[in-house]
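Data first, discussion second: the structure below is written as structure tokens.
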Amino acid sequence: MSGSASVPTDACESASICSIRVAGRLFGIDTLQIREVLGTTVPQLVPLAPQYIAGVVPYHGEVLTTVSFRALLGLSEHAGKNCVLVIGGKEDKEPFGLMVDSVGGVVLMERNALQENPSGLDARSQELFDGAYRMPSGLMVHLDPHRLRPSRLAQSEMFGRLKQERHGGQK
Amino acid sequence: MTRRPDKGEVEQLTKEFLVESQEGLDRMESCLTELELHPDDGELVSEIFRTVHTIKGTTGFLGFTRTQALAHAGENLLGALRDKRLKVNSRLIDGLLKLMDGLRAILTLIAATGTEGARSEDDDSELIAHLAQLKTGDSKLAKVSKSPPKTSAMEQPLPPPLKGALADTKAVEETISVTATSGSGALLSEPSVRVDVEVLNQMMNQVGELVLTRNQILRSAPGAKNFSELARRLDSVTVELRETVMRARMQPVGHLFSKFPRMVRDLGVTCGRRVRLEFEGSETGLDKSLLEAIRDPLTHTVRNAVDHGIEPPSERVRVGKPVEGVVRMRAFHHCGAVIIEVIDDGAGISTEVVLAKAIERGLVTPEEAATMSQRDVLQLLFVAGFSTAKEITCISGRGVGLDVVRNNMERVGGRVELESRVGSGTTVRMRVPLTLAIVPALVVYSGGASFALPQSTLAELVYVPEHEAEQVVERIGTTEVFRLRERLLPLVWLDRLLGLKQIPHVDGVGFYIAVMESEGCRFGLAVNDLKAPEEIVVKPLSEELREIGIYSGATVLGDGTLALILDVAAVGARAGVRPVAEDDAKTDELAKATPSNASQIRLDNSMVIYEIAKHGVAEGENVERMAMPLSAVERIESVPLDQIEYASGRPVLQYCGDLIPLVDEGGVLRELRANAETAASNRLDSEKIARASGREIAHSRGAMATVLICMRPEARGLRRVGMVVRRVLDVSAGTLLDKNAAACPEQLAMVKKRVTMVHDEFSRQAALAPMENLREVA
């Protein structure tokens, strides 16, 4: 769990955040947690898998389970191209894919500028989001990749329950 | 020697010591059982001595005093043996085996905890005393070993708790369970493997070659002329590298076999059997992971062979067999797989007993039992919980034997077959793939996605043309079934099962049914299309996806896309398909098929049924059904009419560089030609049977003749004959009817409940000239 973004340390005050876009909204993930950006990839669908799983993608001889961030947000699938990020730091034994609409640039943020989730946030967002940064153009919701890990989602009541619902909606 | 190694060093040394000692003890085990057979072999004693001596030396250095003390006692005894001051006898061997077990137990403890253990039960003083007693007692008085040792003033009463010093049944059982469950060494040897440096060098060379090829490919411009050459080189380097890596992972099955002499020896004592174990092909290589996977099935099988297979000595003498039973373990390569056979020369399996038991347990009805073939009966033994043993012994007979063996084997893509002859023994044959990582598979397409089916579970493929779909797919209640050679198969639509979108129907396009067999389930899997068979590289899936339960992995296909590998048994289970043995009665009843052809489609009584036209008879009545033994048919070919040539009025066909005469009994050729001449673009159904097992139906337009290419057994010279037929109807089991010359001179058979004339000249009149012979019939 070294280099986890969820534990900001004073030693490293600024973090480089990779901005991603999903349904017109801006999100950010610590670049230390991103192994690679695979670009436009269509994951192979896994029938009968939980709804939040977009499928599997090949990556360096491994088969990565890929989470659809749109499905997690409860949105319908993106009509256009998708982009898959390979999430997992260097020492992470189980990397996974995260499917988003598109990946933007990298911004340098002060760690202590991260503001906590507001208490009025709905349960789903409360579960997924890890606070937000204020950007000139608006808010950038910070994501903690460990919260999006498929193994964790499978155990969470909110998403684990959604199994078996995704039929017929592929591609 | 005074320098104390630091902590990290000790850990490393301990690890090495454990692996080495384990190997040594494995060798010692096989040497000991060997020594019992050849008591005068000094080499064996020296080898055992060396092992124990090495352990003693290393433990002394590492500071494991308990092990050292035990090894020391053993070394003393072995030293006496080596200097011929002692004689080898079964008590001595028992003692040495105890020593080995003791050492092994400590090693396991060290591997698990890092210490030798200091609890009260970790006390070896009894064993050490026993070893000392063996040494002194025997050296003083050689006779002692023969008769039970008498209590003397010098010796203490024989230490009673000494496990198994006398062939105490209970104690032996204990040791059996120890050797069987601990898998002796699985714990220790698993994380490391010994590789020949030569193999490593080779691997490095090939990796170097791979890098060079990659560099060239990277440097070559897109569309470069030498691209195909580079691709070929990459291909050959990859293949070589793969082979080398596989070779590095290969371990001789002898490693596995070496555990058995001890087990069989102890089992023999417990069950009161005299058994000799023989090995063949111990050097056959098998992937390390598979070696582990077949350990349990093999243990089960050998236990069965000794406990159920080999008769007690008195019984063997009574039936005139040598007193000593033989269990033979054979390993060899065959068709890209490793075959391991366990052959015993015991009583064999009585089909009557099996059937009686099956009827008693309600698996089959007495009526069905009467018609079952021997192979089908033996198949019953693989049903869970089935055991014919009269009483449950501690070793086997709980009925969790063969089904476990089968399931374990199928899990690694292998198979188990059983052959038995009453009175002369049983053979269990295990077919193990060479590796788990690369498996041959068929890629199928269903609902817009690709899936891989392991070839080991695939029995056959059937194409169902659109216009036949209505007829071959029937419904029983809500279940769809498919009628395949008079047998009903549950049909599972892959796209519906997985909830995939169904591909809109296209006119004129049928579907494929892959007949799957796994863990006793047999069903048809309906898919939209087949892709080429491929050797796929199995990649594991993440835990969340494995939990779904029907995928065993994923693979990257040649075109770069991913395909999920289906766990066929799980797919069947999810679709509600039950294992065949339980299912048979029901489906057969539903099929209303006669018992004789319901479940036994075998090569020897299978018939090809075809139609020929009888010319000169009015249209509509000119069709006659005939049948021919399948064994006589080599291939069924669709031949364009213009390829059939005539030599002195007789039709001939050039076939595979051979000129074969055609036999046109019903004037089919004339009929075809007439049709072709009247320019009627008659569509003629033609079917093609690639092999007895696989069936593929093809459509062809225009004038095509269906020709059965038949082999004439025993005949020399002109061996092949082509039979021109109107069309091939089916392949089915048939029963020959008793010949009644008065009623009908031809040989008749019941095939699919219809009387059919059999064309059996092929086996009867092979001596006659082929042309005349067939003319007569025509």
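The values are calculated or read from the model by the stated rules, or taken from the named source; none is laboratory data. Please read all numbers here as calculations on a predicted model, not as lab measurements. Counting neighbours? That spans all protein chains shown, and the Cβs are built from the backbone with ideal geometry, glycine included.
Counting only strands (runs of 3 or more DSSP E) wholly contained in the stretch B:273-349, the ones carrying 3 or more residues that are touching a residue at least 24 places away in the same chain (Cβ under 8 Å) and closer than 16 Å to B:ARG429 by Cα occupy B:275-280, B:325-334, B:337-344. Only one entry in B:GLY63, B:GLY57, B:GLY95, B:GLY79 is without any contact (Cβ under 8 Å) to a residue 60 or more places away in the chain and surrounded by 15 or more Cβ atoms within 10 Å (Cβ to Cβ), namely B:GLY79. Restricting attention to the stretch B:555-569, the residues that are part of a loop (DSSP other than H, G, I, E, B) and touching a residue at least 24 places away in the same chain (Cβ under 8 Å) total 3. Checking each residue in the stretch B:266-286 for being buried (at least 21 other Cβ atoms within 10 Å of the Cβ) and either touching a Phe, Trp or Tyr at 6+ places or on another chain (Cβ under 7 Å) or of a type in the set (Lys, Arg) (or both) picks out B:ARG273, B:LEU277. Looking at B:LEU500, B:LEU488, just one residue is within 14 Å of another protein chain (Cβ to nearest Cβ) and either at pLDDT 80 or above or over 20 Å from B:ILE565 (Cα atoms) (or both), and that residue is B:LEU500.
Reported count of residues in the stretch B:648-677, each being out of contact with any strand residue (DSSP E or B) (no Cβ under 7 Å at 6 or more places or on another chain), touching a residue at least 12 places away in the same chain (Cβ under 8 Å) and among the aliphatic types (A, V, I, L, M), is 1. Take the conditions (1) within 18 Å of A:SER151 (Cα to Cα); (2) modelled with pLDDT of 90 or more; A:SER6 misses just one of them, which is (2). Looking only at residues of the stretch B:446-460 that are surrounded by fewer than 22 Cβ atoms within 10 Å (Cβ to Cβ) and out of contact with any Leu (no Cβ under 7 Å at 6 or more places or on another chain), we find that the one that is farthest from B:ALA514 (Cα to Cα) is B:SER456.
Checking each residue in the stretch A:40-84 for being at positive phi and more than 14 Å from every other protein chain (Cβ to nearest Cβ) picks out only A:GLY74. When the stretch B:505-524 is filtered for residues that are modelled with pLDDT under 75 and among the charged types (D, E, K, R), the ones remaining, listed by number, are B:ASP507, B:GLU519. Apart from one condition, B:ALA369 fits all of (1) surrounded by 14 or more Cβ atoms within 10 Å (Cβ to Cβ); (2) over 30 Å from B:ALA441 (Cβ atoms); (3) in contact (Cβ under 8 Å) with a residue 24 or more places away in the chain; the exception is (3).
Checking each residue in the stretch A:28-42 for being surrounded by fewer than 23 Cβ atoms within 10 Å (Cβ to Cβ) and either touching a Ser or Thr at 6+ places or on another chain (Cβ under 7 Å) or of a type in the set (Gly, Ala, Ser) (or both) picks out A:THR31, A:GLY39.
From the list A:GLN170, A:GLN155, A:GLN164, A:GLN115, the lone residue that is more than 27 Å from A:GLN44 (Cα to Cα) and either away from chain B (no Cβ under 14 Å) or modelled with pLDDT under 85 (or both) is A:GLN115. Determine, yes or no, whether B:ARG361 is assigned by TED's automatic domain parsing to the domain that holds B:ASP296, surrounded by fewer than 22 Cβ atoms within 10 Å (Cβ to Cβ) and free of Cβ contacts under 8 Å to residues at least 40 places away in the same chain. Judged against the criteria, B:ARG361 is a match.
Of the set (1) in contact with an Asp or Glu (Cβ under 8 Å, 6 or more places away or on another chain); (2) farther than 19 Å from B:LEU497 by Cα; (3) at the interface with chain A (Cβ under 10 Å from one of its Cβ atoms), all apply to B:GLY558 but (3).
Let's see how each residue does on (1) more than 29 Å from B:GLU466 (Cα to Cα); (2) within 14 Å of chain A (Cβ to nearest Cβ); (3) at pLDDT 80 or above; (4) in contact with an Asp or Glu (Cβ under 7 Å, 6 or more places away or on another chain):
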| residue | (1), (2), (3), (4) |
| --- | --- |
| B:PRO533 | no, no, yes, no |
| B:VAL537 | yes, yes, yes, no |
| B:ILE565 | no, yes, yes, no |
| B:VAL571 | no, yes, yes, no |
| B:THR587 | no, no, no, no |
